[in-house]
Structures are given as C-alpha cells and as structure tokens.
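The values are calculated or read from the model by the stated rules, or taken from the named source; none is laboratory data. Keep in mind that what you see is a predicted model, and the values were worked out from it rather than measured. Please note: Cβ atoms are built from the backbone with ideal geometry, for glycine as well, and neighbour counts cover all protein chains shown.
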Amino acid sequence: MQKLRHRQEVNKLLYIIMLGIFASINIFAQNEPLTPQQLDSITLMADEDELYANEHINWHRLFDVFINSQNKLINHTMVNLNVGISSPSLPDKLNMEPLPTSNYFNFEYGFVRLDSAYRYNRLRSYSGEFAFIEQNTNDYGVFSSKNKVYANHFLWGAGLRSGYGTRLFDDSEMELYWLHSSAFVWTYSDYDQYSEHPFFEAFDQEYKFGNRGAATIEYRVNNCFLIDLTYEHTNYYSGMEYGKWIGTWFIDFALQRWIDLLDPLFIKDLGYTYPFVKFFYKNAISIILSEARLIKQYFPFKSDYSLLDRRLGVGIRFIF
C-alpha cells in the first residue's frame, strides 16, 4: 500500500510539473520576441549589444557577460521567517507506515542582490546567498495531538537563490519573483518509537548531511517587505560516499547552470515570459532528481536509500 501511495504521489507531482511546463510553453508560443526598440531601452545590459548584433552567438562576449553580471546588482541584507508543514517519505522497500506530518520553523539571514533598474522596463534579476537554522517537530503545534510517534529535527545550512522578477504594473514597486534555490543541509534527528528499526539506525540521534532544493514564488509589497510561498524537498543521506556525491553535484550543477549562461539570448527570444521558463525548468529538474534519490541517494550511481522530506511553507522577508 505504501509503495502504491508513493507512486501515486510521484505521478501527481510529475503531472503537475508537466502541466505547468506545457501551459507555460503555450503562453510562450504566443509571446512576441523583444523588439529592437525594447532591446535598445535596456539599462543594465547595454554592454550586451554585441550579443544581438547578428545571428551568430558571440560566445566570448556571452561568457564575459555571465562572469560580470553580478557586478551590476545592488546588494541588500536580508532576514526571512518561514513556517509550514513537513511530510517525510520513507523508501518503499522498508514496508513501513509513513512518518507523521510535522511543523517546521525556519530563520534565514543572508544577502539579496537586485538590479538597480528594470531590464526592458519590466524584468529584474534576483540572486543571493543565505544561511539558516530550523526546527522541525510534531511535539507541538498543529500536528502535536494527532500522532503517537514523535519526530524532531534540528537543521542548519547555507545555500544560493536566484531567478527573475517581473514588475506587475507600470510605476509600481509591486513585483513577483520566480525563484529556485539549492542548499547544503546538516541535521540532527531524534525519532521516538522508530529508533529500533534498522532504517533509523542510520538517522536516529545522528548528524547527517543532505541537499535541499526549493521553488519559491515571492511577492514584493514595497522596497523592504516581501511575502513568499515555498515548496522544498530535502534528501538526507544515510551514508556519505564522497566520490559519488561529487558526481551527483556536478550533474546537478551542469543541468542547473547552463541556462544561466544563456540568459541574455533567452530573454531576447522569449521576452517578458522568460522568468517563467527558467522557474519551471530549474525546479522541474530539481524535483525529479530529488524523487529519484529517495531510492538511490546518489542517483544515477548505484547507492542506498535516502530520507526525503517534502515541505510547503509561507514566509515573510525583509531586505535592507
């Protein structure tokens, strides 16, 4: 039954991802590429004109723009508070009842870099780094009285977040950001009543390393206040194999970063809808690989299981 439920969850998730991608493609197909007048109106990317000078890609100039793109952004200090629900998943082969749903409370501190002016009068680049601490438990909160099995996690880590924002209205500070983030995570877990099961010998009262990905839609209310909705997925490794981990990290890095290199070209062709393309692509890759690594933690390499934690949360962010 658990195996069937897990497959149904994965199928639903993949269906939602593909539906979003196909819906976006339909929108993109109706979108006109940016006109020469719109390209001329650029403020921060004026030095990229050589990229659009002819039909041939100037790869040297493209790499130069990619390497120096962060120099054109303004740095802001950021704090973020995020709360939500967490639903851990166990490998099907264990034939165990699922772990209880729990609450999580997350605090972030870091930096956000934003364009000082809009690209093509509407787009704004977003990137940043953050460190966080987090408590994940069902000892109290919404789910405290519904479970006899207790799960407690203390987590900390650091990561990167990037994407693009779109201005909702002319002459307005209201913006919507479409973001992807990745992070390294360390956790200390304590499972009451599950600790004697062989699966939890690798996790219970142990420090473990993991990788987290997150899809975030963030609404900027004014200059310093933002609210967000986030779906996160974290894989905790039952054992560390450095060679295989480096291989999986390189695969993730290549799949996630190549699109960043080609940002100027995609913006030229897709115009204002490019933020949605990038959002769906990066997060679809991240979610699919995370689901695959529930069974093989170093997928595509042969390896043991991981513990996968899916979570949905809301947050408020302040930038200064």
Item checked: Every residue from the range 230-250 that is surrounded by fewer than 20 Cβ atoms within 10 Å (Cβ to Cβ) and farther than 18 Å from LYS278 by Cα -> SER238, GLY239, MET240, GLU241, TYR242, GLY243, LYS244, TRP245, ILE246, GLY247, TRP249, PHE250
Note to self: So PHE301 passes all but one of these: (1) over 18 Å from ARG212 (Cβ atoms); (2) under 20 Å from the mean Cα position of the chain (by Cα). Which condition number does it fail?
What the structure shows: (2)
Margin query: Could you go through the range 272-283 and let me know if any residue there is buried (at least 21 other Cβ atoms within 10 Å of the Cβ), under 26 Å from SER189 (Cα atoms) and touching a helix residue (DSSP H, G or I) at 6+ places or on another chain (Cβ under 8 Å).
Written below: no
Next item on the list: Identify, by number, the condition in (1) farther than 22 Å from ALA158 by Cβ; (2) of a type in the set (Lys, Arg); (3) touching a residue at least 12 places away in the same chain (Cβ under 8 Å) that LYS302 doesn't meet.
Entry: (3)
Check: Looking only at the range 164-214, which residues are touching a Ser or Thr at 6+ places or on another chain (Cβ under 8 Å), at pLDDT 90 or above and small (Gly, Ala, Ser)?
Finding: SER181, SER182, GLY213, ALA214
